[in-house]
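This report concerns only the one structure given below.
Rule-based calculations on the coordinates, nothing more; no lab input. In this text, all values refer to a predicted model and were calculated from it rather than measured experimentally. Neighbour counts are summed over all protein chains in view; Cβ atoms, including those assigned to glycine, are modelled from backbone coordinates with ideal geometry.
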Amino acid sequence: MTVVSSAEAAVVDVPEVLGRCRELVRPALQEAVGRLHPWVGEMAGYAFGWCEVGGAPVVAPGGKGLRQALAVLGAEAAGADGRDGVAGAVAVELVHTFSLLHDDIMDGDGTRRGRPAVWKAYGTGPAVLAGDALFALAVGTLAAAPGGARALPRLSAALVDLLHGQADDLLFAARPWTGPERVRPEAYRLMAERKTGALLGCAAALGAVLGGAPPATADALDRAGRHLGTAFQIVDDILGLWGDPTVTGKPVHADLRERKKTFPVLAALDTAGPAARLLAAQLESHKDPAETDPAETATLIEAAGGRTAALAEARRHITAARTALSAAPLRPAAAARLHALPAFLLDRTL
């Protein structure tokens with residue numbers, strides 16, 4: 001069992017940890033993408049923010065690198081060098097980017113991180129091809145790594161969960177807002193665990209496996225990552241409704257305009273009271289979403305308790321992630337860094 005105090009976790013500089021892990025992983029990630037067909041590699045580079053259409057180098061905003069950090073810290077927590085987890089980090093990052101390319105096509109999202117999505121920039125067919133190539137590259141990268149044969153089943157299981165979660169997410173769009181066929185918060189929670197949590201759990205577990213950890217330790221890190229991913233998705237939902245676009249870099253109320261079934265909305269609809277009834281009536285109306293003020297809808301969601309319930313749910317999963325980490329025999333320094341990630345995640349809502 002690993003005991004990490006809140007004080008130890010609090011002194012960890014999480015942005016520094018994330019940056020260190022990104023810098024450790026990036027050369028290997030670029031080397032892997034460089035093995036692709038040049039045109040496909042250009043699309044992948046565009047997706048990662050390394051180049052413009054045509055291949056001209058550029059520095060575009062990227063993600064925080066949470067999956068990469070989990071893989072590197074997973075290896076360190078197992079007592080190995082962080083570099084032992086790099087192949088797992090690369091594999092998971094390739095899978096994540098593959099999923100984003102296909103997600104944008106399925107959802108019809110034309111922008112990604114302030115730029116045209118790959119399918120908008122290159123075309124739908126080429127974007128599908130690039131996603132497929134990243135999928136194949138992820139499997140090949142992990143298979144070629146020392147210990148990769150033991151790690152591949154975990155990546156395969158995470159991929160099955162991810163695709164299951166994506167299928168549920170697509171099906172949710174066609175289900176009603178109210179009535180017996182409505183999407184309940186519990187169903188959304190399971191979808192989020194599969195679609196978002198599976199890859200985060202896989203990242204931490206892959207790092208541990210490649211670092212020589214026993215299966216029980218990798219399983220504990222997988223559970224922690226899944227809870228962290230579920231919290232991450234719910235926090236993203238909160239930021240989509242009430243976040244500051246100048247801080248998050250994402251447009252506020254976009255999910256409402258697209259009538260997406262996010263956790264705060266579903267939690268609000270699951271309550272009784274006038275605000276929930278008004279919200280249900282508004283969502284069930286067949287008006288053009290452009291005719292409805294999204295700020296008014298967000299106010300109704302908050303009045304019905306959706307924001308409070310979403311924050312409570314995110315905190316519950318963060319606590320569960322820490323509990324899973326505490327149950328595993330991890331190296332103290334790396335364990336402290338892992339324990340610091342959940343608080344940093346929740347702080348995004350402030």
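Of note:
- Principal-axis analysis of the Cα atoms of the chain puts helix 148-172 at an angle of about 10° to the longest axis.
- Relative contact order of the chain, taken over Cα pairs closer than 8 Å and 6 or more residues apart, is 22 percent.
- Highest-fluctuation residue, MET106, MET191, MET43 considered, GNM on the chain with Cα pairs under 10 Å: MET106
- Using Cβ point charges alone (K and R +1, D and E -1), the dipole size of the chain about the Cα centre works out to roughly 460 debye.
- Crossing angle, helix 38-48 versus the chain [Cα axis fit, 0-90 degrees, rounded to tens]: 60 degrees
- THR178/ALA157 FRET efficiency (R0 25 Å; Cβ-Cβ; nearest 0.05): 0.10
- Nonlocal Lys pairs with alpha-carbon distance under 17 Å, the chain (8 or more apart, or different chains): 6
- Note on GLU258 and ARG331: the extension gain reaches 21.8 nm, defined as 0.36 nm multiplied by sequence separation minus the Cα-Cα distance.
- Net dipole in debye of the range 48-186 [+1 Lys, Arg Cβ; -1 Asp, Glu Cβ; about Cα centre; nearest 20]: 140 debye
- Taking Cα atoms only, the orientation of helix 198-210 departs from the longest principal axis of the chain by about 10 degrees.
- Sites LEU170 and GLN30, calculated FRET efficiency, Cβ-Cβ separation with R0 30 Å, nearest 0.05: 0.40
- Short-range pairs are left out: with C-alpha atoms under 8 Å and at least six residues apart, the relative contact order of the range 211-350 is 37 percent.
- Residue-by-residue Karplus 3J(HN,Hα) for the range 311-326, coefficients 6.51, -1.76, 1.60, Hz, glycine and proline x: 5, 5, 5, 4, 5, 5, 6, 5, 4, 5, 5, 5, 5, 5, 5, 5
- Using a simple spin-label model with pseudo-atoms 7 Å out from Cα toward Cβ, GLN282 and VAL128 lie 3.8 nm apart.
- Long-range amide H partners of CYS51 with built H, under 5 Å: TYR46, VAL58
- Semi-axis lengths, largest first, of the ellipsoid equivalent to the range 1-153 are 29, 18, 13 Å, with √(5λ) applied to each eigenvalue of the Cα gyration tensor.
- When the Cα positions of THR297, TRP242, PHE263 are compared along the charge dipole of the chain, PHE263 comes out farthest toward the positive end, with charges on each C-beta of Lys, Arg, Asp and Glu.
- Largest mean-square fluctuation among ALA144, ALA218, ALA205, in a Gaussian network model of the chain whose springs join Cα atoms under 10 Å apart, belongs to ALA144.
- Estimated distance in nm for a label pair at ALA143 and GLU52, the labels positioned 7 Å out from Cα along Cα-to-Cβ: 3.8 nm
- For the pair THR299 and ALA343 in one chain, pulling the backbone fully straight at 0.36 nm per residue adds 13.2 nm over the alpha carbon distance.
- Descending Cα extents along the principal axes, the range 6-349, whole Å: 58, 48, 35
- Cα gyration tensor shape of the range 300-350, rounded if a/c is under 1.5, else prolate or oblate by comparing a/b with b/c: oblate
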